[in-house]
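Working notes, beginning with the structure itself.
The values are calculated or read from the model by the stated rules, or taken from the named source; none is laboratory data. In this text the structure is predicted, and so the values were computed from the model without any measurement. Don't worry about glycine lacking a Cβ; one is built from the backbone with ideal geometry, like all the others, and counts go over all protein chains shown.
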Amino acid sequence: MHKWFRNVCSIMLVSVMTAGILAGCGTGSKNSSDTTTATTAAAKQGETSAEKKGIVIDPNKKVTLKFFSGAAVNKTELDATLSDFNTKYPNITVDPVIITGADFADKLKTSIVAGEQIDIIEVGSSTLERANAENIYLPIDEYVKKDGWDVEKEYGDVIKQYTVNNKLYGIPKYLAAAGVWYNKKHFDEMKIAYPTADWTWDEFFELAKKLTVKDASGKTTRYGAFHWNFMTNAVTSTVYEVAMYGGYQFLKDDGSPNLDDPKFKKAAEYFYNATLVDKTMPTLAEITAEKMHYMYDMYKGRWSMLVAGRNTAMFLDIHRMNGQLTAEDDDANIYAIAPLPRWDKNSPKKLSYDNSVGDAVCKNTKNPEEAYVFVKWHTTDSLVLSSKVSHRLPASKQLDTKTLLENWTYYKNKDGQVVKGKDRGELYTAMLDPEIKAIFPENVAKYPYATLLRDAVEKNMTLVMTGEMSIDDAIAKSKTDIQPIYEKEKKKFDEEVAKAAK
Amino acid sequence: MTKTKAPVMKIIRTIIMFLISYCMLYPFLWMVAASLTQERQIFNYPFKLIPNPLNFEGYIDVWTRTTLGFPMVVYFFNSIKITAIGLAGSILSCSLAAYGYSKIKFPGRDKIFLLKLSTMMIPGQVLMLPNFLIYRYLGLVDTHAALWLPTLFGATFGTFFLRQFFTTIPMELNESAEIDGAGNLRIFWQIIMPLAKPALATLVIFNFMGLWNNYESPLIYLRSPKLYTMPLALKVISDDKDIIKYAGVMAGSVSAALPVLLVFIAAQKYFIEGITVTGIKG
Amino acid sequence: MIIKRRTRTIIDGYLFILPNLVGFLVFTLFSVIFSLTISFTSWDMIKGFKDIEFIGIQNYIDIFKDKWFVDSLMNNVYFLLFIPVQIFLALLVAVVLNGKIYGSKLVRTIFYMPQITNVVIISLLWSMLLNPSKGIINKIIMSFGVVNPPMWLGSTLWVKPAIILMMTWGGLGYNMILYLSGLQSIPTSLYEAADIDGASAFKKFFKITIPMISPTTFFVLIMSIISNFQMWSNIQILTNGGPGTASTVISFYIYSQAFRYGKMGYACSMSWILFLIVLVFTLIQWRGQKKWVNYM
């Protein structure tokens, strides 16, 4: 017993000491590297700051920026491109912090509240915290103006996705553009014609029924369709996204809630029927229980149609390398992209709800100019420089598409080498179809409180998709739930607008 | 007559218990087997508990390749660091306080102790949010200190546990030492602590499990992946739908479970003693 | 001289409990007061203190209109109903183990293993075992000819039983060990007397073991109830409270409202309701114990 206790104690002691030494080493080495780069920084900065007449970075100020991102691929990208940034700005070190998983937004918010050092945040048009924008992000209008950067010319309408109360809170980097993936083999088996740009959402859900395969007991063995947004359990936005193809807006032009619009109900019915009545789409619960993945499970033949990013076309080489996509299926080219359906026969064709993802400067930053300079580089130059190893559909209209298209044929294999992938001309043509017109929930962007309303509606809509509440009840309940929030927030919004007008 | 009957009953009982034990153990067996099985075979049925071929890809994946930017070694060492500092801190602070509450008479002592004891009733959620704000104010969010600092204040449970043990040590020891001119600190360190070894051992094991397995505090306080501890890293890795590999997740799980399991098997006696002592005196 | 010594003892005493006292004042007392104050406000964590508004008992009124809270509470109650079954199982196992078997140490270790394993590992493991189409549990059920096995975590009907199954597996060892020690303190003379009277094993179990073990049962019951109301990490990992409200529990709902939506005021008031509930349950047990708990 005594001997044992002594052993435990000594193990404890040793580990405390090891921990101490480790901690000591960590800080020690960091300090020494800091000083060495600082000297070279001053020497080199002279030339580059001369070219940039807008934002001038103090070359002697040693700065470390923390870049918070929710995607591991950002690390791959920055590994390949940060050296370029460091030659341009030797005094700025960028430290990427990757937080993957479902908790990214929660963790980010609590970190900001905690006053941690966060300089740049990866942010998407659908994840931008509009209701709390001024508490999370730093407006960058001033820097853009000083820099003389014509962002409207560079990004067109997409830049509007990052504007809240007339302040610019982010720069788009790449598009998460929508499309419908379909499995040609399944269509052929059933002798169904491939979808064309003429199709409507009614036809989409009808097709899903035809494509669904059930066993003798009525249990679905292969689903007709899947919607990627269901993987994130986001019901309300999925529903209003589909209704948007009929011109629906979650908020009316005057900023009031628009839940009475029959299009919202119709879109909700589509998903309710597909998941719970016809069982042509997996339910939210099945997705969680089986840990379904929109693309990987499509490769396994679990569904025939998929609403998801058409830019996924650029990941096929990686998926093939990782074994999710079999070489056999890939060589047979069984996966194809169709434009999204239209609302009805009278609505325009080839609309597409195109999200974007970009960077924002965090409110907490102590070095806004350095952060801005990084954001600009990261959303433009870095995107091109890394295009062989990380494939992104650029949001900017001014990048060299030819180089990008050429570079996208390469990918980084498991051993870290850049190798040539398969020729995917057909998919890339569908992906880059110039006739596609991007749509976006403009009023959601215009009225920052929209996300608060959406979260309140979501509480009820989730219950619809588990069969606990009828659609009518959910809409009625949502209307009463959001009314006080709307009134309070709208008042605040109007006051802000009035204040800004003065 | 009873003598011939007993072994038969004993054998029957043994068989029943081993059957139930197998069911209890099966998830663990499955975990170990899955961590060594080829990705494609993991969901095969009937599942082979002895994988053929043996596949170490999962272990290689989590231990050498970088996940979230760092290999698992980093998370493993973070866990060791927190556990070690936390253990030292909690043992010291709990025993100091327990000594104060049991061996020194001063006004208000028992009232303070009772008040402290009654806080065990308050659900963690009540304190979780304000505590988070305090750590935020102290600038400790996203540092390891947020995880080990609380151990320095003497957890109620550990203090209570040791206090109960200290009261069984006769006061005469204190008195005679005082006559010899020893101060409280010396009595504490040279007389009481050596006598309390069995109780301390139990508490070490208890806290080891608690610190090593702590998931909720890291979830709330840590941000940067380089600070993650094993449980949090495992959760995040398993969440990442783009890199999720079952064999890898299971290999990570085995790696995280093994240290506690080894400690438990080695120190089972103290551990079970500890539970029964607290269980009865609750 | 004597006074001096007395003062020194008092100082010594306070010095020894100082860390403990500081921890209590800062992290418990302050937090309790703070949380109580915040529970009467509309404070949004992200907005900071500038938008804070005192709203009286509005939060406490809203709580009971919130379907998610009420459903969470009902789920906690659902889980509570199975505690007696879990406790009885643990007692049975302990009795069999106590009746001496071969390899009892090994069996004891195996039963206790889930208790020392991390909640993340347990949850990951069970979500794979319970996977509706690929998991081993459904494969076994299907091999018995069941065509439509439960969807487990993917079904409003089966998600709670699935979690109970997991919790029973996880908690059996702890309760069993508590019972084992309780059983050892029952005087063997009682059983010997019963043997002379010719009592059956069945009768001995109900007439001697159960009454004599009641203090342990009481302790196990209280602990189970408290941990029931406090659990959330396994829910967070397994189901995130879904499908719908089917598996959300109070603690998890508080966590998500506070840290996901930043509604600190609302979350604090829910924690206080939770505190009251736990308090009431414990008081009822405390009162009730006189009727059925035998202290020797």
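Is it the case that the stretch C:185-202 has a residue that's among the hydrophobic types (A, V, I, L, M, F, W, C) and touching a residue at least 60 places away in the same chain (Cβ under 8 Å)?
No: the stretch C:185-202 contains no residue that is among the hydrophobic types (A, V, I, L, M, F, W, C) and touching a residue at least 60 places away in the same chain (Cβ under 8 Å).
What single numbered condition from (1) under 30 Å from A:Lys107 (Cα atoms); (2) more than 10 Å from chain C (Cβ to nearest Cβ); (3) crowded, with 22+ Cβ neighbours inside 10 Å; (4) of a type in the set (A, V, I, L, M) fails to hold for B:Leu162?
Among (1) under 30 Å from A:Lys107 (Cα atoms); (2) more than 10 Å from chain C (Cβ to nearest Cβ); (3) crowded, with 22+ Cβ neighbours inside 10 Å; (4) of a type in the set (A, V, I, L, M), B:Leu162 violates only (1).
Within the bounds of the stretch A:154-174, is there any residue that is on the phi > 0 side of the Ramachandran plot, more than 14 Å from chain B (Cβ to nearest Cβ) and touching a Lys or Arg at 6+ places or on another chain (Cβ under 7 Å)?
Yes, the stretch A:154-174 contains a residue that is on the phi > 0 side of the Ramachandran plot, more than 14 Å from chain B (Cβ to nearest Cβ) and touching a Lys or Arg at 6+ places or on another chain (Cβ under 7 Å).
Those residues that are among the charged types (D, E, K, R) and either more than 23 Å from the chain's Cα centre (by Cα) or modelled with pLDDT of 90 or more (or both), I need them from the stretch B:97-140; list them, please.
B:Lys103, B:Lys105, B:Arg109, B:Asp110, B:Lys111, B:Arg136
Against the definition (facing another protein chain (nearest Cβ under 8 Å), out of contact with any Phe, Trp or Tyr (no Cβ under 7 Å at 6 or more places or on another chain) and under 19 Å from B:Ala155 (Cβ atoms)), how does B:Ile91 come out, yes or no?
So B:Ile91 fails the test.
Going by the conditions given, is A:Lys145 within 14 Å of chain B (Cβ to nearest Cβ), surrounded by fewer than 22 Cβ atoms within 10 Å (Cβ to Cβ), out of contact with any Asp or Glu (no Cβ under 6 Å at 6 or more places or on another chain) and not polar (S, T, N, Q)?
So A:Lys145 does not fit the description; no.
When you check A:Ala216 against the structure, is it surrounded by fewer than 21 Cβ atoms within 10 Å (Cβ to Cβ), closer than 20 Å to A:Asn311 by Cβ and among the small types (Gly, Ala, Ser), yes or no?
Answer is no for this residue.
Just one of (1) out of contact with any strand residue (DSSP E or B) (no Cβ under 9 Å at 6 or more places or on another chain); (2) in a loop (DSSP other than H, G, I, E, B); (3) not small (Gly, Ala, Ser) trips up A:Thr288, so point out which.
Answer for A:Thr288: the failing condition is (2).
For the stretch C:32-40, state whether one or more residues are surrounded by fewer than 12 Cβ atoms within 10 Å (Cβ to Cβ), at pLDDT 90 or above and part of a helix (DSSP H, G or I).
The answer is yes, given that some residue of the stretch C:32-40 is surrounded by fewer than 12 Cβ atoms within 10 Å (Cβ to Cβ), at pLDDT 90 or above and part of a helix (DSSP H, G or I).
How many of the residues making up the stretch A:157-176 are at pLDDT 90 or above and in a loop (DSSP other than H, G, I, E, B)?
Total satisfying the criteria: 2.
Are any residues in the stretch B:137-157 more than 10 Å from chain C (Cβ to nearest Cβ) and buried (at least 19 other Cβ atoms within 10 Å of the Cβ), and if so, which ones?
Once the filter is applied, which keeps residues that are more than 10 Å from chain C (Cβ to nearest Cβ) and buried (at least 19 other Cβ atoms within 10 Å of the Cβ), the stretch B:137-157 yields B:Val141, B:Asp142, B:His144, B:Ala146, B:Leu147, B:Trp148.
Just one of (1) farther than 14 Å from C:Gly154 by Cβ; (2) surrounded by 21 or more Cβ atoms within 10 Å (Cβ to Cβ) trips up A:Ile287, so point out which.
Condition not satisfied by A:Ile287: (1).
What is the number of the single condition among (1) at pLDDT below 90; (2) out of contact with any helix residue (DSSP H, G or I) (no Cβ under 7 Å at 6 or more places or on another chain); (3) farther than 23 Å from A:Tyr162 by Cβ that A:Asp331 does not meet?
Unmet for A:Asp331, out of (1) at pLDDT below 90; (2) out of contact with any helix residue (DSSP H, G or I) (no Cβ under 7 Å at 6 or more places or on another chain); (3) farther than 23 Å from A:Tyr162 by Cβ: (1).
Return the residues of the stretch C:15-29 that are surrounded by fewer than 17 Cβ atoms within 10 Å (Cβ to Cβ) and facing chain B (nearest Cβ under 7 Å); say none if nothing qualifies.
C:Val22, C:Val26
The conditions are (1) within 25 Å of C:Leu274 (Cα to Cα); (2) part of a loop (DSSP other than H, G, I, E, B), and B:Leu140 fails exactly one of them. Which is it?
That leaves (1) as the condition not met.
Of the conditions (1) more than 30 Å from B:Val141 (Cβ to Cβ); (2) crowded, with 20+ Cβ neighbours inside 10 Å; (3) modelled with pLDDT under 80, B:Ala251 fails just one. Which one is it?
Of everything listed in (1) more than 30 Å from B:Val141 (Cβ to Cβ); (2) crowded, with 20+ Cβ neighbours inside 10 Å; (3) modelled with pLDDT under 80, B:Ala251 misses just condition (3).
Could you grab me the full set of residues in the stretch C:238-276 that are outside any helix (DSSP H, G or I), hydroxyl-bearing (Ser, Thr, Tyr) and without any contact (Cβ under 8 Å) to a residue 60 or more places away in the chain?
Within the stretch C:238-276, just C:Tyr261 meets the criteria.
Any residue at all in the stretch B:51-64 that is surrounded by 22 or more Cβ atoms within 10 Å (Cβ to Cβ), over 30 Å from B:Phe206 (Cβ atoms), within 7 Å of another protein chain (Cβ to nearest Cβ) and at pLDDT below 90?
No, every residue in the stretch B:51-64 fails to be surrounded by 22 or more Cβ atoms within 10 Å (Cβ to Cβ), over 30 Å from B:Phe206 (Cβ atoms), within 7 Å of another protein chain (Cβ to nearest Cβ) and at pLDDT below 90.
Just to be sure before I move on: is C:Ile208 in contact (Cβ under 8 Å) with a residue 12 or more places away in the chain and either part of a helix (DSSP H, G or I) or farther than 30 Å from C:Lys47 by Cα (or both) in the structure I sent?
Here the answer is yes, as C:Ile208 does meet what is asked.
The rows are residues; the columns are (1) in a loop (DSSP other than H, G, I, E, B); (2) out of contact with any Lys or Arg (no Cβ under 8 Å at 6 or more places or on another chain).
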{"residue": "B:Met17", "(1), (2)": "no, yes"}
{"residue": "B:Met24", "(1), (2)": "no, yes"}
{"residue": "B:Phe28", "(1), (2)": "no, yes"}
{"residue": "B:Ala34", "(1), (2)": "no, yes"}
{"residue": "B:Tyr45", "(1), (2)": "yes, no"}
{"residue": "B:Leu54", "(1), (2)": "yes, yes"}
{"residue": "B:Trp63", "(1), (2)": "no, yes"}
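Picking from A:Ile99, A:Ile92, which residue would you name as being within 24 Å of B:Val236 (Cβ to Cβ) and either among the hydrophobic types (A, V, I, L, M, F, W, C) or touching a Gly at 6+ places or on another chain (Cβ under 8 Å) (or both)?
A:Ile99
Across the stretch A:296-329, what is the number of residues that are surrounded by 18 or more Cβ atoms within 10 Å (Cβ to Cβ) and touching a residue at least 60 places away in the same chain (Cβ under 8 Å)?
The qualifying residues number 20.
Assess whether A:Glu269 counts as being modelled with pLDDT of 95 or more, among the acidic types (Asp, Glu) and not in a strand (DSSP E or B).
Yes: the conditions hold for A:Glu269.
Pick out, from the stretch C:104-175, the helices (runs of 4 or more DSSP H) lying fully within it that include 1 or more residues that are touching a residue at least 40 places away in the same chain (Cβ under 8 Å) and over 22 Å from A:Lys300 (Cα atoms).
In the stretch C:104-175, the matching helices (runs of 4 or more DSSP H) lie at C:104-116, C:119-129.
Only residues that are of a type in the set (A, V, I, L, M) and closer than 18 Å to A:Gly425 by Cα: list them for the stretch A:326-349, please.
A:Ala327, A:Ala332, A:Ile334, A:Ala336, A:Ile337, A:Ala338
Can you name the residue in the stretch B:66-88 that is under 18 Å from the mean Cα position of the chain (by Cα) and among the aliphatic types (A, V, I, L, M) and, of all such residues, is nearest to the other protein chains (Cβ to nearest Cβ)?
If we take residues in the stretch B:66-88 being under 18 Å from the mean Cα position of the chain (by Cα) and among the aliphatic types (A, V, I, L, M), then B:Ala84 is nearest to the other protein chains (Cβ to nearest Cβ).
Yes or no: C:Leu183 touching a helix residue (DSSP H, G or I) at 6+ places or on another chain (Cβ under 8 Å), within 14 Å of chain A (Cβ to nearest Cβ), in a helix (DSSP H, G or I) and farther than 21 Å from C:Ile225 by Cβ?
Against the criterion (touching a helix residue (DSSP H, G or I) at 6+ places or on another chain (Cβ under 8 Å), within 14 Å of chain A (Cβ to nearest Cβ), in a helix (DSSP H, G or I) and farther than 21 Å from C:Ile225 by Cβ), C:Leu183 does not qualify.
Answer yes or no: is there a residue in the stretch B:104-120 that is at the interface with chain C (Cβ under 7 Å from one of its Cβ atoms), more than 28 Å from C:Arg6 (Cα to Cα) and not acidic (Asp, Glu).
Looking through the stretch B:104-120, at least one residue is at the interface with chain C (Cβ under 7 Å from one of its Cβ atoms), more than 28 Å from C:Arg6 (Cα to Cα) and not acidic (Asp, Glu).
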